[in-house]
Amino acid sequence: MLGETIAPKISIIVPCLNSAKYMREAMNSLVNQSLRDIEIIVVDAGSTDGTLDILSEYAGSDPRVKILRSDKKSTGRQYNMGMEAAAGAYIGFLESDDYAEADMYESLYAAAKGKGVDYVKANYDMFADFPEGRTFLPYGPVAPNKSRLYGRVVGAKELACLLPRDCYIWNGIYRRDFITGNGIRFNDTPGAAFQDAGFVVQALALADAALYIDKSLYRYRRDNPGSSFIDKNAYAFAMDEFLCIDRFMQATARNLELFEPLILRKYFGLFNYNLKRFLCGETHSARLEERAAPFREAFRRRYDALGFVKRSRSDLWPPQNLLLFFDDFERYCSFTRRLALSDYGLHADAAAFFRRQKELVIWGSGEKAGSVYCYLRRSGLQNVAAFCGDASERASGKVMGFDILTPEAAVAAHPGDMYLVTAANADEARNRLMECGVAADRICYYGAGLDPHSCFEIPAGVR
């Protein structure tokens, strides 16, 4: 019909608030997408730093850009407004301090087309800007030991096993009819923390079919000082999100037996992880206990109903931690605070030690190696000379932009340097390095826990 408007293939929703510093990089990545048939819905929550002026430039030169105003400073509300206004067959999301690769939405749409899936997701790179340049850390929602799931249409059982690791919304596109037909919404609590986690839980639990592709398409910034992941009150956001998703899951009762145990584990982990950071600067208080009471009550009710207690409290968490959490919250906070201070202190001491070395060679190529490298870079380390490893490590290609040397080549080039083993096979790596002539006192193992998320979130080890 003459004059009929054709709906875009994908609507991309961008919530923003005082994002002027990063807005152009984010918007350029969208308006220059290889898939042209998209609409870009930016939802601003009252920016005062020039963000709206920047957005008006883009809207004035590109009719695909639409600007909405939210009366509430809530990323959840902004996402919901964007979804209500979206006309695309699929919906995507982009945070205003991130950016997408130029072929992201073309790749996701091509993967989704004809497959009958409710959503498609890709891998992504976390990144931070250091004085020496931008550093990227690859990551994927599919764990390395489940890589067989890439490229396959997967259902509820496979999706349940992805829940612990699949954390974010913006590395995928979701069929709009799937979202609206299931009433999937964001929690519109104030701020910008963990509302996306609830959306992910709903999507995984309600999807009949989904697809994950082994290609990195999204770039996730980890050095924005205003990000919610470093907010000291993030533990409270985790509690609020659990209460919201718990109500949703009980009302829906879809695949509950598969997902509910994993939801408990996921949200207790989020709460405990963020409480550690809060308690580094605070101690237990009546206000904290009152704030946590609804979460503790709801959590214990679900935990007991699932029969965890009949089997073992260690199904979810070390028994002593969980018993304290349920029965003596003040002691639980004291225990958690001591653990956090000790843990962060170990990281800081390690960073200080490695900064004193002339040069450092890292053994490993996996997520642990990349995580250690990024944490040490955040802590001021600039002396990583090389990466090395055995044949299995070298099979992965480059790591953090470095070629992976054989142990012999590394030792020949760096005979007196300190060697830091990050791989799981620490004893084998140590023996191999000693066979190549490295003195035992020049070999260290990074035993403290680090992963691709925590390496950007725990306090940088500068003393």
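The values are calculated or read from the model by the stated rules, or taken from the named source; none is laboratory data. Quick caveat, the model's predicted, so the values are computed rather than measured. Cβ: placed from backbone, ideal geometry, glycine included. Neighbour counts: every protein chain shown.
Below are the figures for this structure:
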item: Matching residues in region 46-85 - criterion: being in a loop (DSSP other than H, G, I, E, B) and under 14 Å from Ile13 (Cβ atoms); result: Arg64, Ser70
item: Filter result for Pro164 (in the same structural domain as Ser216 (by TED's automatic domain parsing), part of a loop (DSSP other than H, G, I, E, B) and in contact with a Cys (Cβ under 8 Å, 6 or more places away or on another chain)); result: no
item: Test for Ile169: is it under 18 Å from the mean Cα position of the chain (by Cα) and buried (at least 20 other Cβ atoms within 10 Å of the Cβ); result: yes
item: Extreme residue, farthest from the chain's Cα centre (by Cα), among residues of region 358-368 that are at pLDDT below 95 and crowded, with 19+ Cβ neighbours inside 10 Å; result: Gly364
item: For Arg356: the one exception among (1) assigned by TED's automatic domain parsing to the domain that holds Ala426; (2) touching a residue at least 60 places away in the same chain (Cβ under 8 Å); (3) not aromatic (Phe, Trp, Tyr); result: (2)
item: Condition met for Tyr373 (under 30 Å from Arg301 (Cβ atoms), among the hydroxyl-bearing types (Ser, Thr, Tyr), surrounded by 20 or more Cβ atoms within 10 Å (Cβ to Cβ) and within 27 Å of the chain's Cα centre (by Cα)); result: no
item: Considering residues of region 406-436 that are surrounded by fewer than 20 Cβ atoms within 10 Å (Cβ to Cβ) and aliphatic (A, V, I, L, M) only, the residue nearest to Lys358 (Cα to Cα); result: Ala413
item: Subset of region 132-149 (residues that are hydroxyl-bearing (Ser, Thr, Tyr), surrounded by 14 or more Cβ atoms within 10 Å (Cβ to Cβ) and modelled with pLDDT under 95); result: Thr135
item: Any hit, region 210-226, residues being over 17 Å from the mean Cα position of the chain (by Cα), in the same structural domain as Tyr168 (by TED's automatic domain parsing) and modelled with pLDDT under 90; result: no
item: The one condition in (1) within 26 Å of the chain's Cα centre (by Cα); (2) farther than 22 Å from Lys121 by Cα; (3) among the small types (Gly, Ala, Ser) that Gly50 fails to fulfil; result: (1)
item: In region 175-195, residue surrounded by the most Cβ atoms within 10 Å (Cβ to Cβ) [restricted to those that are over 13 Å from Met83 (Cβ atoms) and under 17 Å from the mean Cα position of the chain (by Cα)]; result: Phe194
item: Matching residues, region 97-108, being over 23 Å from Ser147 (Cβ atoms) and among the hydroxyl-bearing types (Ser, Thr, Tyr); result: Tyr99, Tyr105
item: Members of region 402-423 that are at pLDDT 90 or above and within 30 Å of the chain's Cα centre (by Cα); result: Phe402, Asp403, Ile404, Leu405, Tyr419, Leu420, Val421, Thr422
item: Unique match (being touching a residue at least 60 places away in the same chain (Cβ under 8 Å), outside the structural domain of Arg165 (by TED's automatic domain parsing) and not aliphatic (A, V, I, L, M)) among Ser396, Ser379; result: Ser379
item: Filter result for Asn272 (closer than 28 Å to Asp343 by Cβ, assigned to a helix (DSSP H, G or I) and among the polar types (S, T, N, Q)); result: yes
item: Odd one out for Val201, checked against (1) assigned to a loop (DSSP other than H, G, I, E, B); (2) touching a residue at least 12 places away in the same chain (Cβ under 8 Å); (3) within 17 Å of the chain's Cα centre (by Cα); result: (1)
